[in-house]
Amino acid sequence: MPNIDSAKKRVRTTAKRTAINHSRKTRMRGFVRKVEEALAKGDRTAAEAALKAAEPEIMRSVSKGVVHKNTGARKVSRLTKRVAKLSK
């Protein structure tokens with residue numbers, strides 16, 4: 001345990017930020033999961049709607065620093081490609 005006041009505050013702040021980041025990451029995964037489920041069912045309209053909702057959520061996670069920029073772009077790209085493939 002830290003003894004210095006500033007170090008104690010850093011522990012509290014880090015714990016708070018970790019909880020917030022965990023919540024944001026879980027929320028993003030939920031949106032991605034909805035797209036995955038729609039793809040598994042083969043439901044094109046549901047998959048497109050879920051992707052339309054998931055994309056801004058993934059990018060919001062990127063802007064908040066929860067996931068890396070390239071990771072967010074890769075997730076969106078792969079999901080978009082799979083939804084487009086389902087459309088054919």
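The values are calculated or read from the model by the stated rules, or taken from the named source; none is laboratory data. Remember, it's a predicted structure, so these values are computed and weren't measured experimentally. Backbone-built Cβ (ideal geometry, glycine too); neighbour counts: all protein chains shown.
Quick notes
- Residue check, ARG60 over 11 Å from VAL32 (Cβ atoms), within 11 Å of the chain's Cα centre (by Cα) and either part of a helix (DSSP H, G or I) or not polar (S, T, N, Q) (or both): yes
- When LYS41, LYS25 are checked against the criterion of being exposed (fewer than 15 other Cβ atoms within 10 Å of the Cβ) and closer than 13 Å to VAL83 by Cβ, LYS41 stands alone in meeting it.
- ARG33 closer than 23 Å to LYS88 by Cα and either at pLDDT below 95 or surrounded by fewer than 17 Cβ atoms within 10 Å (Cβ to Cβ) (or both): yes
- Of all positions in the stretch 79-88, at least one carries a residue that is out of contact with any Ser or Thr (no Cβ under 7 Å at 6 or more places or on another chain) and not in a helix (DSSP H, G or I).
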